[in-house]
Amino acid sequence: MRRMGRDRVHPIEVESMRILASRVDLSRLGPLSRAVTERVVHASADLRYAEDLAVEEAALRHGWRALSDGAPIIADSRMVAAGITSADVEVPLAWPGVAERALERGTTRSAAAVELACERFGPGAVWAVGNAPTALEAILAHAPAPALVVGLPVGFVGAVESKAALRASGLPSVSNRSELGGSAVAAAAVNALLYSAPTVFEEKPR
């Protein structure tokens, strides 16, 4: 299932976005960067993301086009997948053989799951990481030409470093600079793209 854009927005969300706009000015951002930032702040009620997120309009356009073309979405946890509301999401952590592979490789289950997913999915996937820095590290090591990596793992161990490595990789990405992150914000970033209609950012014919 894949649904780009939304027909209706709940009044509570409209009011929430109005309050958000009154508290932080995101007008400096491009339309997709603004959409992602708004939805992450909305999902977390944490205005720090307005400065903490690292978003690039060109990367988000690349990810949006991949999603609109039906690119697979792969999440590092069920919680991230559950938050992505208008698309089917693969959660390789739940696949058979993950625990055995992790034991064999001497790695985490999250990293082993990503390795298995990389063997199944080719270039052009959209990856969403909200929990495990080791999953993000495995994406950087093994994923073939992702369309977009939403790398927002939370935590004090490895999260900042893995997100810095993502930004340094040059891959199309969404990340943040601090220990902040989590399932809700990773899902929110993907939802922002899924909810964005083409008219939000497509250039008009000259």
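A short reminder: the numbers here are calculations on the coordinates, not readings from a lab. Owing to the predicted nature of the structure, the values given are computational and were not obtained by experimental measurement. Cβ atoms come from the backbone with ideal geometry, glycine included; neighbour counts cover every protein chain shown.
Could you give the size of the charge dipole of the range 11-200 about its Cα centre, using +1 on the Cβ of each K and R and -1 on the Cβ of each D and E, expressed in debye and rounded to the nearest 20?
On the way: 16 positive and 20 negative charges, 40 e Å.
The dipole of the range 11-200 has a size of about 200 debye.
Mind checking the dipole of the range 86-171: about its Cα centre, +1 per Lys or Arg Cβ, -1 per Asp or Glu Cβ, Debye to the nearest 20? All intermediate terms of the calculation are to be shown ahead of the outcome.
On the way: 6 positive and 8 negative charges, 35 e Å.
For this selection, approximately 160 debye.
Only loop residues by DSSP count here, and only those with at most 16 other Cβ atoms within 10 Å; note down the trypsin sites (Lys or Arg not before Pro) in the range 46-76 that meet that. Don't skip to the answer; put the middle values down first.
Numbers: sites: Arg48, Arg61, Arg65; in loops: Arg48.
Those that pass, being in a loop and sparsely packed, are Arg48.
Using Stokes-Einstein with the Kirkwood hydrodynamic radius over Cα pairs, what translational diffusion coefficient do you get for the range 118-206 at 20 °C and a viscosity of 1.002 mPa s, in µm²/s rounded to a whole number?
On the way: Rh = 13.6 Å.
Rounded to a whole number, D works out at 157 µm²/s.
Please pull out the direction-averaged projected area of the range 89-158, using the convex hull of its alpha-carbon atoms, in nm² to one decimal place. Kindly include the intermediate steps, with their values, before the conclusion.
Values: hull surface 17.8 nm².
Averaged projected area of the range 89-158's Cα convex hull equals 4.5 nm².
For the chain, what size does the Cα cloud have along each of its three principal axes, sorted from largest down, in whole Å?
52, 36, 31
Among Ala188, Pro31, Thr134, which residue has its Cα furthest toward the positive end of the charge dipole of the chain, with +1 on Lys/Arg Cβ and -1 on Asp/Glu Cβ?
Pro31
If you take all C-alpha pairs in the range 15-56, what percent of them are over 12 Å apart?
52
So, in nm, how far is label Trp95 from label Arg48 when the simple model puts each one 7 Å beyond its Cα toward the Cβ?
3.5
May I ask you to list, by number, the DSSP H helices of the chain whose Cα span along the axis is at least 30 Å and whose average Kyte-Doolittle hydropathy reaches 0.0 or more? Present the calculation step by step, with values, prior to reporting the outcome.
Numbers: long enough: none.
Long hydrophobic helices here: none detected.
Taking the highest mean first, how do the peptides 79-90, 13-24 order by number of other beta carbon atoms within 10 angstrom per residue?
On the way: 79-90: 18.4, 13-24: 12.1.
So the peptides 79-90, 13-24, ranked by packing, come out 79-90, 13-24.
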